[in-house]
Structures are given as structure tokens and as C-alpha cells.
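**Q** Next up is a structure, given as C-alpha cells.
The values are calculated or read from the model by the stated rules, or taken from the named source; none is laboratory data. Small disclaimer: the values here were computed from a predicted structure and weren't measured. FYI the Cβ positions are ideal-geometry reconstructions off the backbone, even for glycines, and counts take in every protein chain you see. Accessible surface areas use protein heavy atoms only, side chains included; no ligands, DNA or RNA. Shrake-Rupley method; radii C 1.70, N 1.55, O 1.52, S 1.80 Å.
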Amino acid sequence: RKRRKRNVENAAKFMRILPVVVKAFEMEITPANRIVAQIGDAVVLTCNATGCASPSFSWRIQTDNPLGGTVTHHGTYSTLTMSAVNINNAHDYLCTVCCKDEKKEKSVKIEVYSFPSDPVIEISTSLAAGEQTIVICKIPRVYPSDRLEVLLKKGDRVLHEQNFYEDHSTNAETKTVTYSFNLTTEDIGKEISCVAKLPIADMDFEPKERVTSQKLNANFGPKNTVIIASPSNSVMEGHSINLTCVTDSNPPPQIVWRRQVADKIVQCASENNVLTIPQAHFTDSGLYICEVTNLLTNKTEKATVEIVIQAPPKNTTLIIFPSNAVKQGERVTISCTSTGVPTVQITLRKKTDGAITTLKTQDGKYTLESVLLKDAGIYECVSSNELGEESQHLELDVKVPPQNITVLVHPSENVQEGENVTITCSTYSNPPPQMILKKVHPDKEIILTSVNGTFVLYNVTESDTGTYLLDVFNEVGNNIKMIEIAVVGRVENPNQMMLVIIAFSCVTGIAVPVVAILIYVSRQAKINGSYSLVKALRLKV
């Protein structure tokens with residue numbers, strides 16, 4: 001404390017020694033002389049006094065208009081605050097400072113302008129090549145507008161120039177420049193620029209030039225539509241293929257994929273410009289259609305591509321019409337079909353007894369106008385291309401009724417009593433025939449069946465004389481042959497008869513049973529048409 005006290009006393013002594021300097025009364029205003037402010041900006045004017053302990057301040061406009069701001073005193077300085085200047089603030093502002101009997105004044109000039117933002121370009125929404133296009137450029141809230149200059153440019157070329165020298169608007173206003181021209185396809189993609197300038201040389205502000213550009217985005221197309229197949233429009237079965245529809249259109253078009261199947265057009269499940277066929281199958285081959293539509297130009301264009309999925313022969317089919325089993329004389333068509341890419345080659349062959357005959361076909365068809373038994377056999381269809389081979393076979397069965405019948409009677413159709421008569425029949429038929437020998441009898445029908453086409457009448461008698469019908473038949477038809485057999489009685493020699501009687505009387509005791517057997521067998525033979533002594537003995541024994 002003692003040290004502090006000494007320091008204070010020493011300082012007081014030093015001050016008494018120095019001479020007292022009194023400052024003169026002065027004032028200043030900041031910013032000085034001139035202010036350039038944009039409408040809407042905040043401006044603060046400060047009036048400062050020196051050399052006066054208690055100055056008084058006042059603010060006014062030389063035209064006695066309202067200040068348009070707020071005044072605040074802060075002892076030796078005063079402020080005039082304008083939170084957002086407007087055109088009414090463009091004046092000379094005077095600050096007056098009084099100190100006792102002395103008064104001083106200074107002024108500052110406020111100049112205002114408005115150039116707050118870049119131009120706004122509007123282009124007619126329905127832009128189409130060859131049609132008139134309207135470009136509108138708007139410069140927002142410009143002041144003073146009589147100094148405004150506007151250029152409309154397409155690329156580097158000036159389309160239109162306009163100034164507003166005769167416009168004496170007293171407010172900040174949006175100014176509009178309109179220009180129209182015919183759009184060409186060469187204009188598409190070029191920039192339309194609106195250049196607005198406010199060149200006030202004696203006003204210091206930036207920027208004095210504002211530019212806005214917009215590309216000409218005309219509505220056009222679709223045109224030059226093509227389909228690109230990747231990796232190719234021909235691929236092996238099992239591989240994937242992408243179809244890309246490329247077109248010139250603005251705005252982007254609506255795309256629909258379709259495919260031609262036989263005589264119909266079906267829509268594919270894709271709504272963008274790429275159609276993918278994963279693991280392509282042979283049946284995916286065909287004509288694909290890309291249809292593009294620009295909804296604004298109301299135009300539609302189509303592109304097509306033929307897609308080929310390569311595969312070895314498939315679905316090989318061999319058909320015999322009307323059936324695999326037909327009657328001789330019918331019309332028969334043998335058809336062979338197959339699919340495959342590259343195009344298949346179809347060969348129709350007939351196999352008979354180890355021999356192979358290649359048949360001449362037309363569109364895979366071979367026709368027999370009147371089929372014969374010799375046409376029966378195995379038919380084979382072979383489908384081949386460079387990727388493989390596939391075959392099918394069928395057997396053709398030609399059914400023929402009995403024909404070319406030959407009947408042989410041995411020893412003759414005229415025989416003596418006691419002889420055996422053998423009737424042999426041969427014929428040509430398919431399937432093999434059955435044969436029945438019938439004797440025409442007024443009381444009853446006697447039917448004999450054949451063994452391998454042979455009938456035997458054993459030990460015939462005069463009662464076997466008559467008409468016999470030989471019926472040869474199969475499932476297709478029949479043929480009947482008539483046979484006349486005449487049996488005559490045998491003329492006996494008297495001496496031979498005597499010997500027979502003597503012999504017969506000697507063996508009467510033995511022969512009676514034998515005779516009985518013979519009579520029985522004879523009767524059975526007449527009924528059955530055959531005679532066998534061995535069989536007869538077996539029956540009786």
C-alpha cells in the first residue's frame with residue numbers, strides 16, 4: 001500500500017509539471033461524402049464529435065423529408081440507422097453538432113440502386129423442331145431501370161438487344177424481354193443466354209452485369225430407332241442375350257417390347273429400353289419389336305430385329321396318316337417335322353430286310369397314292385444340322401385280304417371210294433389267313449379246319465360226293481372258292497371177293513370188334529373231314 005501511495009503521489013507531481021493541451025471542437029460523419037447502397041440493404045450513418053464534452057446532435061434531410069431511420073445518441077457520437085434503404089432514402093443527410101455556443105454541420109449523400117439477382121429465363125414448354133419458340137427473360141427488381149441493357153444470345157450469337165432508356169420508373173420493378181424464333185434441330189443443345197447490364201459509371205457497386213443461361217431442350221422424336229443385340233442376334237441355346245432399344249427422343253420416350261409369335265403379337269415383360277433373355281431357349285427365336293412413343297410430340301416409331309437361338313435338331317416327329325396300319329389301296333402320307341437352327345435337313349428312309357432306301361420327299365412328306373404290301377416296313381426320319389442329329393422311326397403295316405388263291409385237290413376231284421383226298425390252299429394276304437372247308441349239305445353243315453392250309457378227307461365214300469366251299473379270310477376281307485368232289489363206287493373182282501369172304505370167315509371172331517371200330521371212325525371222318533386210323537385206335541383203346 002505504501003508503494004502504491006508513493007506511485008500516485010509521483011504521478012500527480014509529474015502531471016502538474018506537464019502543460020495542459022486542450023483539443024479544438026471538431027466533428028466528422030462516416031461513411032463520408034457518398035454512400036451507394038442497394039435497396040433493401042442496411043445503412044448506418046455515424047456522426048462523431050471531438051473537443052466537446054457534451055455535444056448535442058441532430059439529423060435532418062435537406063429537403064425536410066422524413067429521415068426514414070432511427071437516431072440514437074451515444075455521448076460524443078450519434079447514429080442514424082436505416083434497416084432497409086429504399087428509393088425514399090436517396091437524399092443528402094445532414095448532421096448538426098452543437099457544443100456550447102459553437103455549431104458544426106456535415107452531410108453525406110445516399111444513392112440507391114437495385115440489381116439483386118440473375119435474370120430468369122422462361123422458354124415455351126412445347127419445344128419442337130421447326131416450330132416457333134418463345135424465350136422470355138425477366139430481370140427482377142431493377143432500379144434505375146432507365147440504365148438497364150439486356151442481350152439475348154444463342155451460343156455466341158446475339159439474337160436480340162433491348163434497353164430501357166425511356167423507362168423512368170420510380171420503383172424497383174421486374175423488367176421483361178421477349179423474343180421468338182423458329183427452332184431448328186441444330187439449335188438443340190445450344191445455350192440461350194440472357195445478359196442484363198446496369199452500367200452506372202459513377203456508382204461503385206458489383207456486379208454490374210448478370211448472366212443466366214439455359215440449354216434449348218426441344219421436344220422431338222422419336223427417330224433413328226434401332227435395336228442392338230448383344231452379344232449378337234444369333235446365340236447358342238442356353239446363353240443370355242440383351243436387346244437394347246436406342247432412339248433419338250426428347251423427352252425420353254415410353255418403350256414397349258413386343259414379340260411376334262406365329263400370327264400373333266404378344267407383349268414382353270419389360271418397360272425400359274433393355275430386354276434381357278436369360279438362358280435363351282430355342283423357342284425364344286423370332287421377331288422382336290421395340291415400339292417407342294414420345295407423349296409430347298405424339299409420335300411413335302418401331303424397330304425390329306430377328307433373333308436366332310441356335311440349337312441341334314429338336315422335336316423331331318414322324319407321323320403316318322391316316323394310321324400306322326392301313327389297308328392295301330389306301331392313300332398314305334408319311335410326314336417328318338423337326339426344328340433346329342441352323343435349318344435342319346430332313347431325310348426319310350425305309351428299312352426292309354437290312355436294306356435302306358432313301359425316299360424323295362417334299363417339305364418332309366412322302367405320299368403313297370395306293371399303298372401296297374411291299375410298302376410295309378420300318379420308316380425312319382433323320383433330322384440333322386451342323387450342331388447334331390435326331391431321329392424317329394415307325395413301322396407301317398399294310399393289311400391285305402386273301403387274294404391269288406390257288407386250290408389243289410389230290411389225287412383228283414373224281415376219286416374212287418376208299419381213297420384219301422387232300423385239299424391244299426395257298427394264298428397271298430396280311431395278316432395270315434384262316435381257312436375253313438364247308439360241305440354243302442341239305443340237313444347239316446359239316447365244317448373242317450385246316451392244318452397249315454391243308455385239308456384231308458380220309459377213306460371217302462359216295463356220301464362224301466358233293467360241293468365244298470373253301471372260305472379263306474382275315475380281318476381285312478375273305479375269298480371263297482368252290483370245289484366239286486365226286487366219289488364213285490369200286491368194282492370188285494368175284495375171285496377176289498371169294499378170297500375175302502373165306503379170309504373174313506376165318507377171322508370173324510377177331511374182326512368183329514375191328515369192324516365196329518372202323519365203322520365208328522368212318523362216321524367221325526365224315527363229320528370231321530379227315531381220317532386217321534392211329535387216332536381212331538387210340539380213342540377205342
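**Q** Could you rank the peptides 64-73, 393-402 by their average count of other C-beta atoms within 10 Å per residue, with the highest value first?
**A** 393-402, 64-73
**Q** Relative contact order for region 276-372 using alpha-carbon pairs under 8 Å, separation at least 6, rounded to a whole percent? Write out the running numbers ahead of the final one.
**A** On the way: 151 pairs, mean separation 22.1, N = 97.
After rounding, I find 23 percent.
**Q** In nm, to one decimal, how far is the I87 label point from the T367 one, both placed 7 Å along Cα→Cβ?
**A** Inter-label distance under the simple model: 10.0 nm.
**Q** Between E166 and N452, what is 0.36 nm times their sequence separation minus the Cα-Cα distance? Round to one decimal in nm.
**A** That works out to 89.6 nm of additional length.
**Q** Starting from the residue with the highest accessible area, list C381, C268 in decreasing order, probe 1.4 Å.
**A** Details: C381 0, C268 25 Å².
From most accessible down to least: C268, C381.
**Q** While we're here: Tell me what the chain gives for mean residue ellipticity at 222 nm when only DSSP H runs of n ≥ 4 count, each as -39,500 (n - 2.57), the sum divided by the residue total, rounded to 500 deg cm²/dmol.
**A** -3500 deg cm²/dmol
**Q** Taking the Cα centre as origin and putting +1 on Lys and Arg beta-carbons and -1 on Asp and Glu beta-carbons, what dipole magnitude results for the chain, to the nearest 20 debye?
**A** The dipole of the chain has a size of about 3100 debye.
**Q** Still on this model: Going toward the positive end of the dipole of the chain, with +1 on Lys and Arg Cβ and -1 on Asp and Glu Cβ, which of T184, F321, G453 do you reach last?
**A** It is T184.
**Q** Please compute the per residue accessible area over the chain with all protein chains in place, 1.4 Å probe, rounded to a whole number of Å². Could the numbers behind the result be given before it?
**A** On the way: 32180 Å² over 541 residues.
Result: 59 Å² per residue.
**Q** Now for a separate question. What is the spin-label model distance, in nm, from D353 to S426 if the labels are put 7 Å beyond Cα along the C-beta direction?
**A** So the label points at D353 and S426 sit 1.6 nm apart.
**Q** List the lysines whose alpha-carbon lies under 22 Å from that of K153, not counting same-chain residues fewer than 8 positions away?
**A** Those lysines meeting the cut-off are K138, K175, K190, K197, K208, K215.
**Q** Starting from the Cα of K327, draw a straight line to each of the lysines and keep only those under 27 Å, dropping any in the same chain fewer than 8 residues away.
**A** Partners found: K350, K351, K360, K365, K374, K399, K481.
**Q** Peptides 439-451, 222-234, 140-152: what's the order by average Cβ count within 10 Å, highest mean first? Before the final figure, lay out the partial values.
**A** Working: 439-451: 12.4, 222-234: 15.5, 140-152: 20.0.
Ranked from most to least packed, the peptides come out as 140-152, 222-234, 439-451.
**Q** Under the 0.36 nm per residue contour assumption, what length would be gained going from the current alpha-carbon distance of D101 and V274 to full extension?
**A** 53.0 nm is the gain from fully extending D101 to V274.
**Q** Suppose R0 equals 51 Å. What FRET efficiency, 1/(1 + (r/R0)^6) with r the Cβ-Cβ distance, do T50 and D146 give to the nearest 0.05?
**A** The computed FRET efficiency comes out at 0.75.
**Q** Out of these labelled values of Rg/Rh (Cα atoms, Kirkwood Rh), [x] 1.03; [y] 1.25; [z] 1.66, which was calculated from the coordinates shown here?
**A** Correct label is [z].
**Q** With +1 on the Cβ of every Lys and Arg and -1 on the Cβ of every Asp and Glu, and nothing else charged, how large is the dipole of region 26-113 about its Cα centre, in debye rounded to the nearest 20?
**A** The dipole of region 26-113 has a size of about 40 debye.
**Q** Contact order normalised by length for the chain, with contacts defined as Cα pairs under 8 Å and 6 or more residues apart; what percent is it? Before the final figure, lay out each step's value.
**A** Details: 1200 pairs, mean separation 35.8, N = 541.
Relative contact order, the chain: 7 percent.
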